[in-house]
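Report on the structure given below.
The values are calculated or read from the model by the stated rules, or taken from the named source; none is laboratory data. For clarity, every value in this text was computed on a predicted model and none was experimentally measured. Here Cβ is always computed from backbone atoms with ideal geometry, including for glycine, and neighbour counts include all displayed protein chains. Heavy atoms of the whole protein, side chains included, go into the accessibility calculation; ligands, DNA and RNA do not. Shrake-Rupley method; radii C 1.70, N 1.55, O 1.52, S 1.80 Å.
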Amino acid sequence: MGQSLLATTLMGLAPYEGEWTATQAAHLLRRTSFGIRHEELEQLTNMDLASSLDLLLEDRPLPSPPINYDYLLDPNVRLGAPWPGNPLVAGLNLNQYRYRSLRSWVIDNIRKERLSVRERMVEFWSNHFAIAGGGQAQVRYDNHMLLENFALGNFRELIKRVVVDKAMLVFLNGNQNFVESPNENFARELLELFTVGKGPQIGEGDYSNYTEEDVRALARALTGWRTRYLYSTVPGREPEVYFQANRHDTSDKQLSYHFNNDVISDAGEEEYKQVVDRIFEQPATALYICRKLYRHFVYYKISAEVEAGIIAPMARILVENDFEIRPVLRALFMSQHFFDADNLGPMIKNPLQLVCGLMRTFNHDHQIDGFNLDQERRTTNYYYYRAAIMQMDYFYPPSVAGWEAYYQEPGFYRIWINSSTLQERTRFTQTMTNANGFGVGDGVRATYDYLGWIAQIPEATEPNRLIDGIVQRLLPRPLTDGQLANLKETLIPGLPDFEWTVEYGAYLANPNDEDLANSVAAKLRDLFRAVFNLAEFQLV
């Protein structure tokens, strides 16, 4: 651990007292959003940190539901209308188009979000409560909206909702958990992955924070919950969860010494709430979720100093605020530790951050807004699939533990980069720097306007200022003099600086000169391709 990082760690969650410039505002945006829009960076730079956090953490209206954008055969949902709440139809695979709509909707929520940490938190919860598989699109939509609703809300209440959530009950066999034959899958993951964490094994069937006895006891306490009307084609019969009393274990459930040898007595359909409340009395629960938040927003390494100086204070704030997530995030983002120089840029972007970050940074949504409905959704689905090819399929995490990059030692974030995914990352950025971009139907191509984008950079007619401005906006750390020189060589190979000044200046004076615009745009595409190929571009 560097001396600077050690010093800020020992300060705990002491508020940041350094200067507030575009550098700090950019770091905050990189960690709490997807990419950096110029207008957002400018807005935060002109505010102070406290006001910036007020904005990023405030409640926002929930996203509108996904729509039928391309399927003509659904008799219940016209084109352009939302499909949630409408039944399936016998003989038609409506679930397929609804999943296609759901995928584009996730990207659309990200692209339309402005100065809010909510979608990054929804991404966090989607990994924390990973549901690995498809199922019914309506059920996955309902699950996703649960995460949207509780993105910055109460962790304990969210766990209670997840315990009786349709998607989770189906995925972890909670709907097959009966007194005659208890199914331990959900109870095990509730403890191991969602709340207290497993911890090192310290004895036969004892995992530091719970025992196999506790898994069995909680499985019995959660018996009786069922699902019905999945894949229903009958109007008014939407998928739902219900409690079947005669399938519930009414006997006492004995917990281990980890839970003070408490006994959970029969409470019928309210018993699951007692289970959750009892789990949340364990100090390990607050510590466990705070470690995950730290790894998601700061860094994967949690030293003894970080555990004592950062994680423990975060956990205290969580408990003192009755398990509300917002105050914990505010304290973390407000801290000197968060803005420590050693915490600027040590993380590798996950695929969603990469693809959606480019989309938002370069204002590609402005072009998308000009597309027709089908083209718009083809584009958002394109972004979804590019992230999926890089091994982050949003609705298909690899296991109930989520993506390995968030928990697998010792690699953590480095797992995102391998020989296959690095090629896909390069292919993606190359596509985004090609003159023709990618097709979205009807002969229309989606492209990035780099020529228009550099207008935000002061004194962009001077090549060194242009490159400095690009680096400051796209990279979390400064480059070496050698790297900067290589970028300038890409822009104006073997030419003096004034060649760029003259050519770009001529374009500014004659923006309707198509040949001049094409020449300058081609040079910029080469320059941005070189920036995207830097190792530093993969960092956040």
Inset, instruction - Give the relative contact order (percent, whole number) for region 406-485; include only Cα pairs under 8 Å separated by 6+ residues. - result: 12
Inset, instruction - Please work out the Kirkwood hydrodynamic radius for region 263-408, using every pair of different C-alpha atoms, and report it in angstroms with one decimal place. - result: 18.6
Legend entry - Nearest-10 value in Å² for the accessible area of R100, using the 1.4 Å probe: 60
Inset, instruction - Please report, in cubic angstrom per residue, the volume enclosed by the convex hull of the alpha-carbon atoms of region 163-261. - result: 100
Inset, instruction - Working from Cα positions, state the angle (0 to 90°, nearest 10) between the long axis of helix 118-128 and the longest principal axis of the chain. - result: 50
Inset, instruction - Output the peptides 137-147, 63-73 sorted from most to least packed, where packing is the average of other Cβ atoms within 10 Å over each peptide's residues. - result: 137-147, 63-73
Inset, instruction - Along each of the three principal axes of the Cα atoms of region 485-540, give the extent in whole Å, ordering the values from largest to smallest. - result: 37, 23, 15
Inset, instruction - Using a 1.4 angstrom probe on the protein heavy atoms only, line up K253, K166 by accessible area, largest first. - result: K166, K253
Inset, instruction - Name the long-range amide H neighbours of A446: under 5 Å, sequence gap of 5 or more, or other chain; modelled H, no Pro or chain starts. - result: F438, G439, V440
Inset, instruction - Among W125, V89, Y99, flag the residue with its Cα farthest along the positive direction of the charge dipole of the chain, charges on Cβ as +1 for Lys/Arg and -1 for Asp/Glu. - result: V89
Inset, instruction - Using only the Cα atoms of region 197-313, construct the convex hull and provide its projected area averaged over every direction, in square nanometres to one decimal. - result: 10.7
Inset, instruction - Could I get the Rg over Rh figure for region 444-540? Both from C-alpha atoms, Rh via Kirkwood, rounded to two places. - result: 0.96
Legend entry - Cα-centre dipole for the chain with unit charges at Cβ (Lys and Arg positive, Asp and Glu negative), debye to 20: 1040
Legend entry - For region 4-104, alpha-carbon Rg relative to the globular expectation (2.2 N^0.38 Å, N residues): 1.75
Inset, instruction - Go through V540, V502 and list them by solvent-accessible area, largest first, probe radius 1.4 Å. - result: V502, V540
Legend entry - Square roots of 5 times each gyration tensor eigenvalue, C-alpha, the chain, largest first, Å: 45, 30, 18
Inset, instruction - Provide the descending list of Cα extents for region 386-493 along its principal axes, expressed in whole angstroms. - result: 51, 44, 23
Legend entry - Positive minus negative residues near A81 (Lys, Arg vs Asp, Glu; Cβ under 14 Å): +1
Legend entry - Where only alpha carbons of region 71-183 are counted, the Rg and the Dmax (Å): 15.9, 51
Inset, instruction - Starting from the Cα-Cα distance between N464 and L534, subtract it from 0.36 nm times their residue separation and give me the gain in nm to one decimal. - result: 23.4 nm
Legend entry - 3J(HN,Hα) from dihedral phi, region 188-205, Karplus parametrisation 6.51/-1.76/1.60, rounded to Hz, x for glycine, proline: 5, 6, 4, 7, 5, 10, 9, 10, 7, x, 6, x, x, 6, 10, x, 4, x
Inset, instruction - Would you calculate, for the chain, the mean residue ellipticity at 222 nm contributed by helices, counting each DSSP H stretch of 4 or more residues as -39,500 (n - 2.57) and dividing by all residues, to the nearest 500? - result: -14000 deg cm²/dmol
Legend entry - Convex hull (Cα only) mean projected area of region 79-134, reported in nm² to one decimal: 5.2
Legend entry - Where E204, E269, E157, E40 fall by accessible area, highest first, once all protein chains stay in place (1.4 Å): E204, E269, E157, E40
